[in-house]
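The values are calculated or read from the model by the stated rules, or taken from the named source; none is laboratory data. Nothing here was measured: the structure is a model prediction, and the numbers come from that model. FYI the Cβ positions are ideal-geometry reconstructions off the backbone, even for glycines, and counts take in every protein chain you see. Accessible surface is based on the protein model in full, side chains and every heavy atom, while ligands, DNA and RNA are left aside. Shrake-Rupley method; radii C 1.70, N 1.55, O 1.52, S 1.80 Å.
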Amino acid sequence: TVKTLGVAMTTCTVPGTAPSDRLDSQTIEIGLGIHGEPGMKQSPLKPCDELVDEMVEVINSRAKLGAGDDVAVLVNNLGGTPTMELYLVARKATLAVAALTGSTPARVYVGSFMTALEMAGVSLSLLKLDPLLAARLDAATSAPAWPTTGGPVAPLAELEPVSAPADAADVSTGGAAGDAAVVDREAVRRVCQALIAAEPKLTEWDQIAGDGDCGITFQRGAEKILSSVDSYPVSSAEATLEAIATDVSASMGGTSGALLEIFFRAARVHLRAEGNAADYRGAFSAGANAIKDVGGADAGYRTMLDALLPAAAALVDGAPLEAAIAAAEEGAESTMKMEGLAGRSNYIRAELLATVPDPGAKAIAIAMRAFAGL
């Protein structure tokens, strides 16, 4: 018979009930039920390998696996666990079972087979196989969540352990880019504060020319960055851009969030290239052109590119920052004369569009002026 044990960092929230607070951010529960029922014990957070060893030990106290046994291993997502983490569990479970039986498990399955809403955890199941059970596991099925490929599992390759640095500041950003000039935290704060202050006006414009969420979208991103800027690795422009991109991705959402994440990651890639460690003008241009390439819009489409591309052109031509800011502001204002050729504005009547600028372009211009402290 199948033997299963679950572990999670959070319980699930059953519809119609208040969220449970029995687990704090530093505690896991072992053996909890699929509906969040209390488990066998609570424990402080521990490394994945240590936790899986404990889970296998508990399961095997019932499964009684031994040398020569063929075993199926199933790692199930309880709802809120990233796929990468599921495979970390699967790898360690495979090694732990092999230590018990003397051979690699005959079958290993990883996926979302029985979830518990948003529960952040996994369950691990072990099944001692005979030829009939193995054949049934491999049989064709129309069940959508069951893997369509089966068969024996190849032995795992050996991985060389890599020690993580004790401090995030010790993380290398790679090559010469790690020596990039210090990023001005105060400039980043000014940008965030300016975008937060601009939220009502950006929202007002977007309620006419878009979905009405531009202001709050930029505000969310600015608030997230503002809350994180003190922890940014500002000794490296490349690493700081990566941190900003991650915060933008986590907080903004919508098309604007996706495009700005692309901007910051493309700028980081440019700085990482050999000889570009301090080429901030080129990094800005790389970010703007990445939005253009990925999003499919261009100058004249009434988007943030109408501020970004003129500013990028000015910077690449060697113009002072003030001239690039002026180009961004002029481009943003010019959107009042444009038809909407991308995004939600594509569906708005021309006479309405003529009354307001594109809020995304204006947000870029506001951010650039704030960054320069003008």
Say we look at the range 319-342 and pick out the residues that are within 31 Å of the chain's Cα centre (by Cα) and in a loop (DSSP other than H, G, I, E, B); which of these is farthest from Asn276 (Cα to Cα)? Gly340
Cross-chain or 6+ apart pairs with Cβ under 9 Å, the range 116-132 first and in a helix (DSSP H, G or I), then open to solvent by 20 Å² or more (accessible area, probe 1.4 Å): Pro131/Asp70
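Restricting to the range 294-315, count the residues that are within 25 Å of Lys337 (Cβ to Cβ) and not in a loop (DSSP other than H, G, I, E, B).
Step one: list which residues in the range 294-315 are within 25 Å of Lys337 (Cβ to Cβ), which gives 295-315.
When the remaining residues are screened for being not in a loop (DSSP other than H, G, I, E, B), the result is 295, 305-315.
Residues flagged as within 25 Å of Lys337 (Cβ to Cβ) and not in a loop (DSSP other than H, G, I, E, B) within the range 294-315 amount to 12.
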Lone unmet requirement of (1) farther than 18 Å from Pro147 by Cα; (2) over 25 Å from the mean Cα position of the chain (by Cα) for Leu23: (2)
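Residue by residue, here is whether (1) in contact with an Asp or Glu (Cβ under 9 Å, 6 or more places away or on another chain); (2) touching a residue at least 60 places away in the same chain (Cβ under 8 Å); (3) within 30 Å of Ala106 (Cα to Cα); (4) part of a helix (DSSP H, G or I) holds:
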{"position": "Thr4", "(1), (2), (3), (4)": "no, yes, yes, no"}
{"position": "Gly16", "(1), (2), (3), (4)": "no, no, no, no"}
{"position": "Pro19", "(1), (2), (3), (4)": "no, no, no, no"}
{"position": "Leu23", "(1), (2), (3), (4)": "yes, no, no, no"}
{"position": "Leu32", "(1), (2), (3), (4)": "no, yes, yes, no"}
{"position": "Ser43", "(1), (2), (3), (4)": "yes, no, no, no"}
{"position": "Lys46", "(1), (2), (3), (4)": "yes, no, yes, no"}
{"position": "Glu50", "(1), (2), (3), (4)": "no, no, yes, yes"}
{"position": "Glu54", "(1), (2), (3), (4)": "no, no, yes, yes"}
Among the residues of the range 244-282, count how many are open to solvent by less than 40 Å² (accessible area, probe 1.4 Å), without any contact (Cβ under 8 Å) to a residue 40 or more places away in the chain and not in a helix (DSSP H, G or I). 2
For the range 200-213 the number of residues that are in a helix (DSSP H, G or I) and either crowded, with 19+ Cβ neighbours inside 10 Å or not charged (D, E, K, R) (or both) is 8
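If you scan the range 70-115, which residues turn out to be farther than 30 Å from Pro19 by Cα, touching a residue at least 60 places away in the same chain (Cβ under 8 Å) and of a type outside the set (A, V, I, L, M, F, W, C)? Full working, then the answer.
Filtering the range 70-115 for residues farther than 30 Å from Pro19 by Cα gives 70-73, 91-109.
Imposing the further condition that a residue be touching a residue at least 60 places away in the same chain (Cβ under 8 Å) reduces the set to 70, 72, 91, 94-95.
Matches in the range 70-115: Asp70, Arg91, Thr94.
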Identify, please: which residue in the range 223-243 is more than 17 Å from the chain's Cα centre (by Cα) and of a type in the set (A, V, I, L, M, F, W, C) and is, among those, most open to solvent (accessible area, probe 1.4 Å)? Leu226
Of the listed residues (Pro82, Pro105), the one being open to solvent by 40 Å² or more (accessible area, probe 1.4 Å) and not hydrophobic (A, V, I, L, M, F, W, C) is Pro82
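On the given criteria, is Val316 more than 30 Å from the chain's Cα centre (by Cα) and open to solvent by 70 Å² or more (accessible area, probe 1.4 Å)?
Taking the combined requirement at face value, the residue satisfies it.
Kindly provide the set of residues from the range 203-222 that are among the β-branched types (Val, Ile, Thr) and under 22 Å from the mean Cα position of the chain (by Cα), ordered by number. I'd like the intermediate steps shown before the answer.
Taking the range 203-222 as the starting set, the residues that turn out to be among the β-branched types (Val, Ile, Thr) are 203, 208, 216-217.
Selection gives Ile216, Thr217.
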With criteria (1) surrounded by fewer than 21 Cβ atoms within 10 Å (Cβ to Cβ); (2) modelled with pLDDT of 90 or more; (3) under 31 Å from the mean Cα position of the chain (by Cα), Ala307 comes up short on (1)
